[in-house]
Amino acid sequence: MDQLKMSRTPVHEAIIRLESEGFPCVLPRRGVQILKLSADDMRETYDVIIALEGMAGALIAARRKA
């Protein structure tokens, strides 16, 4: 955490939040292991990214017209 110049608290809170979503596996007294994503998870992630980028582009285009 020294390399990131962050305190332990936000890192710890982020790990807790990610754990509640099923991403990392907390290994007592050993650290945290990030779980591999399945191909379906990756497809779903990219579907969301594509949808968000499309919406962002449409919103930017609408602002330029106004």
Quiz item: Among the candidates PRO10, PRO24, which residue alone is at pLDDT 85 or above and not aliphatic (A, V, I, L, M)?
Solution: PRO10
Self-check item: Selection within the stretch 13-33 - under 12 Å from the mean Cα position of the chain (by Cα) and of a type in the set (Val, Ile, Thr)
Solution: ILE15
Exercise. Scan the stretch 22-66 for residues that are loosely packed, with under 10 Cβ neighbours inside 10 Å and among the polar types (S, T, N, Q) and report the count.
Key: 1
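The values are calculated or read from the model by the stated rules, or taken from the named source; none is laboratory data. What you are looking at is a predicted structure, and each value in this text was computed from that prediction instead of being measured. Glycine gets a Cβ as well: all are built from the backbone with ideal geometry, and neighbour counts include every protein chain shown.
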